[in-house]
Amino acid sequence: MQLKQLHMQFFGPYADAVVDFDDFRTSPLFLISGPTGSGKTTIFDALIYALYGETSGERDGGQMRSNFAGNSDLTKVTLTFDHDGKHYLIERQPPQLQSKKRGDGLTEVKAKVLLAISSDEKQVAEYRKKNQVQEQLDAVLHLDASQFRQIVLLPQGDFRRFLDADSNAKEDLLRDLFGTQLIQRWQTAMLAQMKAKGAAIQDQERMLDVLMSQFDFETAPDEHATMADKLSLMRATVASQAKVVTARQATAAQSHQRYQEAQTALQQGQQLAQAFTEREQAATALAKLAEQKQTHQKQLKQIEQLTWVQQHENAAQRVQKAGQDLKAAIVQSEQTQAALTTTEQKFSLDKQALARLQAKSDQIEAQKKQLNSLQAVQQQLTAIAEQNKQVIKQAAIVNEAELALTHAQQQLTDAQTVKTQQQTSLDNLGLDELITTVNTQRNLLAALVPQAANYQEAQADVAQLSMAIKKTQVTLEQAETQVAATTSHLNKLQQTQIRQQIAHLAAKLEPDSPCPVCGSTSHPHPALVVDEPLVSEAALKQADQERQKAAARKTMVETQLANLETQLKTAKAKTAQARQAFTEHWQEQAKLIAGVADKTGILQQLTALKTLAATNEHQLTEAQTEHAALQVALKKSDKAITTGTTKVQQCEASLNTARIDAAEAESALKTMQKNLPAEATDLATVAAQATTLQTTITTYQAQLQEAQARVNALDRQLAGLQADEKHAAAQVTALTKEQAEAKATFTIAVTEYFGADGKQRFAELQLRVSQLPLLNEQVQTYEHTQLKQQTLLDAANKTIGTQAQPQLDQLEAEATAAETTATNDQTALIKISQAHDAAEKLAKQAATIFTANQTALAAYADLQTLATVMNGNGPKKLSLERYVLQAYLQEILNVANSRLQVLSNNRYQFVLHTSLGTQKIHSGLEIDVYDDQVGEKRAVQTLSGGESFIAALSLALALGEVIQQESGGINIDALFVDEGFGSLDANSLDVAMNALESLEGESRLIGIISHVTELRDNIPDQLQVEPAGTGRSRLKILHSA
């Protein structure tokens, strides 16, 4: 990978800066120099951002946008490089606020990325989606951002500290670089698993002891019996109890059979007694129903008659409706005849009026011709009147145009005078001197404000950390108290459980039997059971968990307190550094702070300077406002002069046009007056005559149309009435016939059913039709009850047959006696079964736990051995992760030795420290150097400053190469060494420079990032970063001879 060009636009301190790496190809070693904070490392940030969308620091791309960037300035980074015969162009811009293209205000522009790939000066691919771009770059680089930074940017000071660090510190760095966190998690998880298994084994053993104490042995185990022997005795006891359960089950089954037989006899006797009772009740009910039979027959007759009336109600209604329809038809026929007579009279009168109007048609035609002549003259007179108005209007327009021209000429003169006055005011303003003063003070504030903020932030951190330490100390005291309390509670529970177990064993002691504790056969003072709550294993486990939780919290608080004290020390040092930096900068710029230098305290000095700067800023703002207002006013004046000149010209043209239009209007008026007939009078007289004639003609035509319409309407109305009259007469005839037929049919039906007084009888029953549902319900209830009682009687007779009345008292006594016997036998069975089940359950639980305990003990032994090896607790103090990292480190040292031997003239060579350390912190990753001059190994801490530099440089370069090899990455032809030179003395600096110059033959571009003066004097090719004020910097390329 060969870097070509890096273009930064409004990125960090760079408004528009380009780094052309080809400028340094002839002499690959070059210096990137500049004051602290000027933006040297920002160049590397831009390189990382272009490739990975992130920076080398804590800020993202959006936060790297220049503070001085305007709303229309676009932050963007463009990088080009060559690889494998292809040219790559990457362009990235972070999300940022930009001015809207339309209207006022800002809009957020989303992040954008572009990757263009070319081959033989022809583009072969282009990608614009973030994921696609990163996939393509990853396929080329095979490195993530962290690995790329490690390979390309060497933090030289970090690697010198790495040389001197112990194995633990080296392990932390190498773990991040080679990703061995998984092995570390394995080691931690294995320790946790071993601890959990140990606790589980202890729980199993305690549970076995509890189960044994709860078991009622038939033969007590010997005091020296093993857990396996006790389990055998438990199984024997369970087998003996099982035989007793079997015998009890047979006895209970026999008594239960006798109970069931007695219960069946009792149920059959009860059913027979119920049948005798039901037969007697059914016979009584049927006798009562027989007494109600006559009433039932009457109800059936009423239902029959009411049903017939209900079915013939429609026929009665048809007779009634036919009579009503006939009366209505007769009334309608009479009304139609009266309307027909009236309409015939009106039709005759309207025909006569129409004939009189039609006789005046000739007279009206003559009036129409006269009206046409008057309307023609009226149009000519109207046109003359309109033209006369136009002549007057054009004369007024001419007068207005003359006045407008005079006014426009006066406005132009006034605008020219105002412009002269405004230009004089602008020339006398003097803005440049004030701008210079304000910019100088802005630059000073820009430098001092961050330093003061650092100081204030550090002070706040000190106060906050001091308060946090006090609170943490109180928390630690509380945690210690909690640990003591939970430990005490656990001890009490354990002692109580021991007392309870001893008392339980003592209760089982028999005279002359040996004590399971001391072996004595006499027991003068056996332990007594104390009336106190039983301590369970769950309670012990809960208490132990609470103690562990309290201890863990105490450890956590102690760690927090130590971290806070370290942070407080760091914050105090930061406060002192910030104050010193502010003071040095303040004293350097004493000339710019005249009048405020007598202030004491950083914040007071900064406040005074801000006040002075604010005053000048205010004056500058007022001056700029006035300057801008004058500029705007001048533009307005120029515009007013231009507008005034144009307006004068327009007014002159308008005046000429108006004069021509006035002359043309006067000529047209005279022509129209000549063409008017001689007999024409004035317009008003002609218009009045025309209106009179028009009114007469219109009135006649309306009267004629109205008369004709009335005649037509009456003619249609007569035709309709005549048709209605015929229809009404036919309807009366039809309805008369229909009424007679309906009445005759209804009379015949009623007479046939009821007899001569049928109509009267029908009317009476019609009033009682509503009683029909109630009568039906009463009849149905009677018949249902009779059927139900007869069914019950038949069923009772069938059940009884030839049997006699049963003796229930005797049957109940026999059933009760059999139930009592069965209950007693079942209770005895349940009692012995429960004892057997409990014993069997305890035996199974003990066997299961014992088996699991034996398996867990074997697994725990294996796990303990493996955890000891993996976590480095063996003699070599070498964990699995450190063993893997040792292999990586050996590979790094092998690569580093090829360069260290060259840089040290074959004197030094890295070797791993092989002696066993007394502690893990000094085991596995210690580095020595073999000194060829003395022929033995020695510690790297004994190297001089220059020797440490070349050793650290060799190690850093080797680490980059190994990372590339492990990741399958590409060869990157650029290397940046960041600082690490300021602490070197003159001799060590010479050694470092010689080492760096020796790298030039490797065809690799090497950039030294430093502000050390000796480097600027000794490295001819330089990329200088020069501050330009207001947070800006610019790049300058220097090639000295």
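The values are calculated or read from the model by the stated rules, or taken from the named source; none is laboratory data. Please read these numbers as outputs of a predicted model, since none were measured by experiment. Note that we place each Cβ from the backbone using ideal geometry, even for glycine, and neighbour counts take in every protein chain shown.
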Subject >> The one condition in (1) surrounded by 11 or more Cβ atoms within 10 Å (Cβ to Cβ); (2) in contact with a Phe, Trp or Tyr (Cβ under 8 Å, 6 or more places away or on another chain); (3) outside the structural domain of T342 (by TED's automatic domain parsing) that T785 fails to fulfil >> reply: (2)
**OP:** Could you tell me whether any residue of region 137-159 is closer than 22 Å to M8 by Cβ, in a helix (DSSP H, G or I), within 32 Å of the chain's Cα centre (by Cα) and not β-branched (V, I, T)?
**Re:** yes
Original post:
Mind checking which residues of region 844-897 are modelled with pLDDT under 80, assigned to a helix (DSSP H, G or I) and over 46 Å from the mean Cα position of the chain (by Cα)?
Top reply: T868, V869
**OP:** Of all residues in region 832-859, count the ones that are within 26 Å of L191 (Cβ to Cβ) and buried (at least 17 other Cβ atoms within 10 Å of the Cβ).
**Re:** 3
**OP:** Report, by residue number, each residue of region 2-22 that is surrounded by 21 or more Cβ atoms within 10 Å (Cβ to Cβ), over 21 Å from H1039 (Cα atoms) and hydrophobic (A, V, I, L, M, F, W, C).
**Re:** M8, F10, F11
**OP:** Of all residues in region 111-124, count the ones that are exposed (fewer than 13 other Cβ atoms within 10 Å of the Cβ) and either part of a strand (DSSP E or B) or touching a Ser or Thr at 6+ places or on another chain (Cβ under 7 Å) (or both).
**Re:** 4
**OP:** Any residue in region 561-574 that's under 19 Å from Q456 (Cβ atoms): show its pairings with residues that are of a type in the set (S, T, N, Q) at Cβ separation under 7 Å, as long as the two are six or more apart or on different chains.
**Re:** L568/S466
**OP:** Within region 331-361, work out how many residues are among the β-branched types (V, I, T) and surrounded by 14 or more Cβ atoms within 10 Å (Cβ to Cβ).
**Re:** 2
Original post:
Taking region 707-752 on its own, how many of its residues are within 21 Å of A315 (Cα to Cα) and basic (K, R)?
Top reply: 2
Original post:
Can you name the residue in region 58-110 that is β-branched (V, I, T) and touching a residue at least 12 places away in the same chain (Cβ under 8 Å) and, of all such residues, is surrounded by the most Cβ atoms within 10 Å (Cβ to Cβ)?
Top reply: V77
**OP:** State whether one or more residues within region 753-769 are at pLDDT 85 or above and not aliphatic (A, V, I, L, M).
**Re:** no
Subject >> Number of positions in region 925-972 that are of a type outside the set (V, I, T), part of a loop (DSSP other than H, G, I, E, B) and at pLDDT 75 or above >> reply: 7
Original post:
assigned by TED's automatic domain parsing to the domain that holds A709 and not polar (S, T, N, Q): does that describe K393?
Top reply: no
**OP:** Would you please name the residue that is farthest from A843 (Cα to Cα), looking only at residues in region 212-253 that are in a loop (DSSP other than H, G, I, E, B) and in contact with an Asp or Glu (Cβ under 8 Å, 6 or more places away or on another chain)?
**Re:** D222
Original post:
Considering region 341-379 alone, what residues qualify as being touching a residue at least 40 places away in the same chain (Cβ under 8 Å) and under 29 Å from N675 (Cβ atoms)?
Top reply: Q367, K368, Q370, L371, L374, Q375, V377, Q378
